[in-house]
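Notes follow the structure.
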Amino acid sequence: MLIGELASRAGTSTRTLRYYEQHGLVQAGRDANGYRQYDDAELRVVHEIRSLLAAGFGLEDIRPFVACLRAGNESGHVCPDSVLVLRRKLAEVDGYIGQLTELRQQLRTQLDHAVEQRESPLCQTQICPP
């Protein structure tokens, strides 16, 4: 299929497909006239790439998943290199959750303290900001 058809079927743009190809994620042959020609399997690859990008993976992280699909697997997640990337990404997300939990606790403490001060007798007798 030509690039326009693949873009249409994948729900993306031809520019995006050329970008993926430039980074070695999507493969295309060339017709005699120089047009890109894509195998039907590239549709699955493009869907995998888009799904992983939407989940926050970078292009380098996506390479093992694409290689896994190209090896004939039904899913790009089943190969050892893909599992390593998934584990690394999960650890990264767990780290973010830990940081956000700490930040949430700090904000909760500040809010509780602010409410406490506004309800104090001193604040009741003076003009306190809204």
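Laid out as a table, the results:
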{"item": "Contact order relative to length of the chain, as percent, for alpha carbon pairs under 8 angstrom and 6 or more apart", "result": "13"}
{"item": "Options Thr16, Gly98, Gly76, ranked by Cα towards positive dipole end of the chain, top entry (Cβ charges)", "result": "Thr16"}
{"item": "Principal semi-axes in Å for the range 3-125 [√(5λ), Cα gyration tensor, largest first]", "result": "49, 18, 9"}
{"item": "Two-site FRET efficiency, Asp94 against Arg70, from Cβ-Cβ distance with R₀ of 25 Å, rounded to 0.05", "result": "0.25"}
{"item": "Simple spin-label estimate for Ser13 and Thr101 in nanometres, 7 Å along Cα-Cβ", "result": "4.1"}
{"item": "Mean Cβ neighbour count within 10 Å, used as a protection proxy, ranking 90-101, 55-66, 71-82 highest first", "result": "55-66, 71-82, 90-101"}
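We did not get these values from a lab; they are worked out from the coordinates using the rules stated. Just so it is clear, the model here is predicted, and its values are computed rather than measured. Cβ sites come from the backbone with ideal geometry, for glycine too, and all protein chains shown count toward neighbours.
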